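The values are calculated or read from the model by the stated rules, or taken from the named source; none is laboratory data. Keep in mind that what you see is a predicted model, and the values were worked out from it rather than measured. With ideal geometry, Cβ positions are generated from the backbone for all residues, glycine too; neighbour counts draw on all protein chains shown. When the accessible area is computed, the model is the full protein with side chains, heavy atoms only, and any ligands, DNA or RNA have been set aside. Shrake-Rupley method; radii C 1.70, N 1.55, O 1.52, S 1.80 Å.
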Amino acid sequence: MLKKTALALLLVVMVSGCVNKQMLKEQIAEVIRENPQIVLDAMRENSVDMLTIVEQGIDQREKLKREAMLAAEIKNPFNPRIWSDRPMLGNSAAPVTIVEYTDFLCPYCSKGAKVVSKLVAEHPEKYRLIFKHLPLHKSSRQLALVFEAIAQFDKDKAYKFHDLAFERQKDLYEDKEGVVLGKILEEVAVDSDLLQKYLRSPQLQEFLLADEKEAGEFGIDATPTFLVNGVSVRGYLPADRFEQMVDMIMEKSAQNVPAETPEGEVCEDCLNQM
């Protein structure tokens, strides 16, 4: 009875020609305050539609959040440290610098690494790729140290290790005895004595700690994340979309205007996705 009375009141209010919009809102709000069960009943009767509306609202909010972040970063891009004694792919004078924060045991990092490495291989005059670490697990950290150790005496072999480690990451995750890692090192022809020598170097820990600290300062908490001339691209994107994103960042950076950014696929707990 209460529900019918409230609805009747709303109908009277809406058909009344002497009520302005503000008065109408106030009267509707008053009816709902006095009869909140009306809203609850409507939500229960239309639960699927209500859920769709909520999900659309969340998606729109996240989209606006990403656009705001991108606009802020285009205006004030991040300034990651470029180490002269760490490996790099591409041309040091290239107009586009990609800094990649990654984890050797992250499935999306494996996909993302293929995309950016292929871009650099196909357009070395356009791209410079800097590889950094954000290991989310102990095993990932050990692989990162091995990569950095190899890079100290042979950068080409370090990137061969990089490619094989990503290619066989599932096997590496299950590699409790180090057999798979040993086979990769043998395949890359890494000098074991040199490797052990550089693994003892405290500088490697410095590299990793610096990468993690920098990522934290930039608000990066998932992998992979890329900085394109200081503007973040979060998650894995297929090659065509990544290139579109790079071109859009370059264009908008020159114009310094907001733009829309897609959401990529990231790992926040990668090992659970193996």
I150 fails exactly one of (1) under 23 Å from the mean Cα position of the chain (by Cα); (2) among the β-branched types (V, I, T); (3) more than 19 Å from Y236 (Cβ to Cβ), namely (1)
When L208 is run through (1) touching a helix residue (DSSP H, G or I) at 6+ places or on another chain (Cβ under 7 Å); (2) assigned to a helix (DSSP H, G or I); (3) touching a residue at least 60 places away in the same chain (Cβ under 8 Å); (4) farther than 24 Å from D85 by Cβ, the failure sits at (4)
Residue hits (segment 67-89; touching a Leu at 6+ places or on another chain (Cβ under 9 Å), open to solvent by less than 40 Å² (accessible area, probe 1.4 Å) and either more than 20 Å from S253 (Cα to Cα) or small (G, A, S) (or both)) are none
Expected single match for farther than 22 Å from R128 by Cα and hydroxyl-bearing (S, T, Y) among S253, S201 is S201
The number of residues in segment 164-204 that are part of a helix (DSSP H, G or I) and either free of Cβ contacts under 8 Å to residues at least 60 places away in the same chain or surrounded by fewer than 12 Cβ atoms within 10 Å (Cβ to Cβ) (or both) is 24
Filter segment 220-238 for residues that are more than 22 Å from S92 (Cα to Cα) and at pLDDT 95 or above; the one that is farthest from the chain's Cα centre (by Cα) is P238
Residues in segment 171-200 that are modelled with pLDDT under 95 and of a type in the set (D, E) total 3
Among helices (runs of 4 or more DSSP H) entirely within segment 1-48, at least 3 residues that are modelled with pLDDT of 55 or more and surrounded by 10 or more Cβ atoms within 10 Å (Cβ to Cβ) occur in 21-34, 37-45
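For (1) assigned to a helix (DSSP H, G or I); (2) in contact with a Gly (Cβ under 9 Å, 6 or more places away or on another chain), each residue gets a yes or a no:
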residue	(1), (2)
L89	no, no
A94	no, no
E100	no, yes
F104	no, no
C109	yes, no
V116	yes, no
R128	no, yes
L136	no, no
Discussion item. For segment 203-215, check the following and say yes or no: at least one residue is under 13 Å from the mean Cα position of the chain (by Cα) and closer than 25 Å to K75 by Cα.
Written reply: yes
